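The values are calculated or read from the model by the stated rules, or taken from the named source; none is laboratory data. Predicted, not measured: the structure shown is a model, and the values here were computed from it. Ideal geometry is used to build each Cβ from the backbone, glycine not excepted, and the neighbour counts take in all protein chains shown. For accessibility, only protein heavy atoms count, side chains too; no ligands or nucleic acids. Shrake-Rupley method; radii C 1.70, N 1.55, O 1.52, S 1.80 Å.
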Amino acid sequence: MAETASTELNLRELRILNALLHERSITRTAELLATTQPAISKVLRHLRAQFGDPLFVRNGHAMQPTVKAVEIADQLRTLLHAADSLRASVTAFDAAQSDRTFSLLLTDVGMIRFLPPLIAHVAAIAPRINIRAMPLDSRQFELKLEAGEADLALGAFPKAPRHLRRQRLYFDGYVTVVRNGHPRISAARSRAGFLAQRHILVTASETGHAAHATAQRVLASQIPPANIMLRVPSFIAGAIVAAETDGLATLPANLARRLARPLGLAVLETPITLPRIEITQYWHERYHRDAAHRWFRSVTSELFGATANTRKRNPASN
């Protein structure tokens with residue numbers, strides 16, 4: 001009996017196999033699951049013995065799954081989902097008493113936009129719950145949600161995998177910021193005056209501001225190249241440079257208004273048409289029915305959803 005028990009597969013090993021099938025790398029799987037490479041290698045040896053198959057073979061620097069591994073991939077996901085659903089169905093959740101930690105995937109903009117009100121609200125209704133912010137890395141976006149390393153991702157992620165669960169929170173737009181006392185604030189309000197100014201252009205990146213790519217293209221196509229004084233990959237850096245120079249920075253509206261007072265910035269309507277940004281929260285199907293997860297999603301939806309934003313703009317309607 002002891003010998004049989006020692007050779008049985010457990011859920012942890014199956015979760016590691018699932019991660020390996022996605023990552024195709026022992027190193028990245030270890031990073032994703034916050035463990036060591038030797039620990040992952042040890043589990044892989046046990047899995048190979050259990051399945052009687054190498055499961056992965058080397059192809060240069062990559063690990064390619066064998067036919068056997070590909071065959072069991074769908075069954076593995078179904079099994080893990082069933083296990084999570086079973087646990088969720090029998091576990092009640094009391095937010096006021098829970099000391100659970102919830103993890104969020106956020107860009108730098110998202111950390112400024114979401115964390116202060118979220119932490120204050122949770123502290124008032126569930127003081128023992130902790131919030132952990134994690135930087136968004138699109139290479140591990142889906143896997144961190146699937147593995148439970150992150151509970152939610154909040155932001156504008158147009159390349160998010162289609163099978164992820166999602167809920168639109170609100171749409172954001174763009175505004176332009178200039179330092180208070182800028183000598184040409186009035187001129188910058190017109191299209192011609194705006195294009196004639198010196199600009200700080202924020203560039204999109206795969207891991208953070210991919211949704212900004214369209215707006216970046218529009219700005220770059222209309223602002224004369226000689227008037228682009230700086231290109232930076234960060235909205236926050238753009239705002240700081242604008243606060244200390246005569247450059248104009250065009251930013252998401254919620255972020256611009258959040259930074260305007262502390263940085264001494266004036267906020268102007270951008271006089272050219274730019275696309276709206278869809279702000280959404282994402283989570284994995286595996287945690288959709290989990291009681292604690294449902295509670296946390298309801299909190300973020302309450303705080304940041306379209307209804308909450310309408311109440312903030314119209315306080316007299318409360």
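What to note about this one:
- Every pair of residues 6+ apart whose Cβ atoms lie under 7 Å, when the first sits in the range 226-250 and is within 14 Å of residue 203 (Cβ to Cβ) while the second is in a strand (DSSP E or B) and open to solvent by 30 Å² or more (accessible area, probe 1.4 Å): 241/230
- Taking the criterion of being in contact with a strand residue (DSSP E or B) (Cβ under 6 Å, 6 or more places away or on another chain) and polar (S, T, N, Q), the residues of the range 188-204 that qualify are 197, 203.
- Looking across the range 20-49 at every residue that is touching a Leu at 6+ places or on another chain (Cβ under 6 Å) and modelled with pLDDT of 90 or more, the one that is farthest from residue 148 (Cα to Cα) is identified as 48.
- Within the range 286-308, residues that are closer than 21 Å to residue 11 by Cα reach partners that are among the aromatic types (Phe, Trp, Tyr) and in a helix (DSSP H, G or I) with beta carbons closer than 7 Å, at six or more positions or on different chains, in the pairs 293/287.
- Tally, over the range 109-137, of residues that are out of contact with any Leu (no Cβ under 9 Å at 6 or more places or on another chain), crowded, with 16+ Cβ neighbours inside 10 Å and part of a helix (DSSP H, G or I): 1
- Test: residue 101 is among the hydroxyl-bearing types (Ser, Thr, Tyr) and either surrounded by 15 or more Cβ atoms within 10 Å (Cβ to Cβ) or touching an Asp or Glu at 6+ places or on another chain (Cβ under 6 Å) (or both): no
- Only a single item in (1) over 28 Å from residue 229 (Cα atoms); (2) hydrophobic (A, V, I, L, M, F, W, C); (3) open to solvent by 40 Å² or more (accessible area, probe 1.4 Å) is not met by residue 145, and it is number (3).
- The criterion of at least 2 residues that are in contact with a strand residue (DSSP E or B) (Cβ under 7 Å, 6 or more places away or on another chain), buried (at least 17 other Cβ atoms within 10 Å of the Cβ) and among the aliphatic types (A, V, I, L, M) is met by the following strands (runs of 3 or more DSSP E) wholly inside the range 225-307: 248-252, 265-269, 277-283.
- Looking across the range 45-71 at every residue that is over 14 Å from residue 22 (Cβ atoms) and in contact with a helix residue (DSSP H, G or I) (Cβ under 8 Å, 6 or more places away or on another chain), the one that is least open to solvent (accessible area, probe 1.4 Å) is identified as 47.
- Only residues that are open to solvent by 30 Å² or more (accessible area, probe 1.4 Å) and modelled with pLDDT under 60 were counted in the range 207-220, giving 1.
- Tallying residues that are over 30 Å from residue 97 (Cβ atoms) and in contact with a Ser or Thr (Cβ under 7 Å, 6 or more places away or on another chain) within the range 117-155 yields 4.
- Matching residues, the range 37-54, being assigned to a loop (DSSP other than H, G, I, E, B) and either within 31 Å of the chain's Cα centre (by Cα) or free of Cβ contacts under 8 Å to residues at least 12 places away in the same chain (or both): 52
- Count of residues meeting criterion [within 26 Å of residue 249 (Cα to Cα) and modelled with pLDDT of 85 or more] in the range 154-191: 26
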